[in-house]
Amino acid sequence: MKQKHQIGVFLVLVVIAAMVWFWNYRRTPVVADVSDLKDDFVFSVENPQIRLGEIERARNTDYKSSGRNPFSPVQAPAPPVSDTAEKHEVLGPQLPPPPPPLTLPSNVKFYGFGAVPIGTPRLAFFTDREEVTPSPKARF
């Protein structure tokens, strides 16, 4: 009985597919009437010709760099001020000089990082060949 049921469903699907095919086959394709379109609607440009003068001007343009490297986080140096130009003072608070780089004493060597519980910074450990101590300033 199961095979008869499958054959019946198959025949119903074949009949539906044949009806859809005949319905699409009998339809005539719709042809758009292009005589109704206006020329100013299709071309909204005043003069659609190639502008050779503007193309040549763009080709002859020279690139002038501002001196800034976009891949460097450091700002570009200020342009030199000529002697004849007025020199203006920079307004605003002066930034303090950067701190000197950290240096280790000659007898201290880096030992490694320490694993600390989650949420706290890692500790750096140093050794003087006798004792290993964590550095309270070197947190990562």
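Coordinate-derived values only; no laboratory data. Not measured: the values here are computed from a predicted model. A quick note on method: Cβ atoms are made from the backbone with ideal geometry, for glycine too, and the neighbour counts reach across all protein chains shown.
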- prompt: How high is the FRET efficiency from GLN75 to LEU104, r the C-beta distance, R0 25 Å, rounded to 0.05?
  reply: 0.20
message: Show me the ranking of peptides 46-54, 117-125 by mean Cβ neighbours inside 10 Å, starting with the highest.
response: 117-125, 46-54
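Hey, fewest Cβ within 10 Å first, where do PHE22, PHE126, PHE113, PHE71 land in order?
PHE71, PHE22, PHE113, PHE126
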field: Under-5 Å amide H pairs with PHE126, H placed in peptide plane, nonlocal only
entry: TYR111, THR133, SER135
statement: Highest mean packing first, using Cβ neighbours within 10 angstrom, the peptides 61-70, 11-20 sort as 11-20, 61-70
